[in-house]
Amino acid sequence: MARLRDGLVLLLLAMSAVQAYALAHEAGQALAAWMVGASVVGFDAWALGRPAVRLAGDLSGPRGAWVSVGGVAWTWAATVATAALWRPRPKLLRFGALVWGSIVVGALLPWVVLPLAGWRPPGDDVTVFLQRSGAAPVAVALVAATAALLLVGLAARALGGPRGAWSAVRAAAGLGARPWAWLAVLVTLATVLVATEAGARWFGAPTTVLPPAGFAVAAEVGLRAGIGDDQLLADVAPSAHVLEVWVAVEGVDQGPISVDVVGPDGARTAVLRLPVDAPIGRATVRSGPVALAPGPWAVVASAPRGEGRLVVAWRGR
C-alpha cells in the first residue's frame with residue numbers, strides 16, 4: 001500500500017511536469033512570435049491533445065525559423081539558468097527537478113536525430129526550422145546535442161551527480177504517506193492545468209480540421225490582412241513527382257485569399273481562390289495532381305485583405 005501511494009504521488013508529479021513542459025513550449029513559441037511582430041490568435045497547450053499556437057503575421061524565412069525553435073529554446077534557456085543557480089534540497093523538489101530535466105533533454109533529441117536521419121515529418125518544428133532557415137542539418141544536430149549535454153551536466157551538478165540523482169529517486173520512498181507531499185503535488189497540478197486552460201480561453205483554442213485519408217497536415221497558421229505573400233512551407237523534390245494539396249480555411253470574413261503551389265521553375269498552380277468580400281466561414285478544397293520537376297518548391301498563401309485560419313496538408317511526395 002505504501003508503494004502504491006508513493007507511485008501515485010510520483011505519477012501526479014510527472015503528469016504535472018509533462019503538462020508544464022507543453023505549456024512552457026507553446027508559450028515560448030508565442031513569445032518568439034511576438035518578438036518578430038506576429039500575433040497569437042490561438043493557443044492550445046494540452047499535452048494529451050495537439051499542442052499548438054495559431055499565429056498571424058509574416059512567418060517566412062528567418063522569422064518562421066525563430067518561431068519554430070522558440071519553444072524548445074526558451075524552455076531550455078530557463079532550465080539551464082535555473083540549474084546553474086539553484087540546487088533543490090527537499091526530496092519532492094529534487095525528484096521533480098530530475099523529471100523536468102529529463103523532459104527538456106528529451107525534447108532536444110528530435111533536433112539531433114531528425115536532421116541526421118534526413119526524415120522531415122510535415123509541420124514538425126525541426127522540419128519547419130530547416131526549411132525556413134536553410135541551416136545545415138549537421139550543424140543543427142551538433143548545436144542541439146551540445147545544448148542537451150550542457151543541460152545534463154548542469155542538472156547533474158545541481159542534483160549531486162549520478163549518485164545524487166539516484167538518491168533523489170530512492171528518497172522519494174515514503175512521500176505518499178505525508179499529507180504535505182500530496183498537497184504540494186495537487187496544488188502544482190491544479191496550477192498548471194488552470195494556466196493551460198486560461199491560455200486557451202484568452203487567445204482561443206485552435207480547432208482541428210482533419211484532412212482526407214492519406215494527407216498529412218503540413219502547416220496550420222493564422223492569416224492576417226495585409227501580409228501579402230507568405231511562404232507557408234517548402235521542400236526540395238529529389239526527383240520528379242506528383243503532389244496533391246488539401247487546404248481548409250476557417251473564420252474567413254473577407255477575401256481575397258489565395259493559395260498556390262510554386263514549382264521549381266517558378267510556375268504557380270492555383271489551389272484555392274476566395275474572391276473579394278466572400279463571407280465564407282469554412283471552406284475546404286483539394287487540388288488536382290500537381291506535377292513537380294526536381295528542385296525546390298513551395299506552398300504560398302496571399303491574404304492582402306482577408307483573415308482567418310489556414311490548414312494545409314499534402315500527399316504523394
Open item on the list: Looking at ALA77, ALA27, ALA81, can you tell me which residue is touching a residue at least 24 places away in the same chain (Cβ under 8 Å) and either in contact with a strand residue (DSSP E or B) (Cβ under 8 Å, 6 or more places away or on another chain) or among the hydrophobic types (A, V, I, L, M, F, W, C) (or both)?
Closed with: ALA27
- [ ] Those residues that are buried (at least 22 other Cβ atoms within 10 Å of the Cβ) and more than 12 Å from the chain's Cα centre (by Cα), I need them from the range 115-129; list them, please.
- [x] PRO115
Open item on the list: Anything in the range 264-306 that is modelled with pLDDT of 80 or more, part of a loop (DSSP other than H, G, I, E, B), under 29 Å from the mean Cα position of the chain (by Cα) and surrounded by fewer than 17 Cβ atoms within 10 Å (Cβ to Cβ)? List them, or say none.
Closed with: PRO264
Task: Members of the range 6-57 found to be in a helix (DSSP H, G or I) and either at pLDDT below 75 or outside the structural domain of THR191 (by TED's automatic domain parsing) (or both), listed by number - done: ASP6
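The values are calculated or read from the model by the stated rules, or taken from the named source; none is laboratory data. Remember, predicted model here, so these are calculated numbers, not experimental data. Methodologically, a virtual Cβ is constructed for each residue, glycine included, from the backbone with ideal geometry; neighbour enumeration extends over all protein chains shown.
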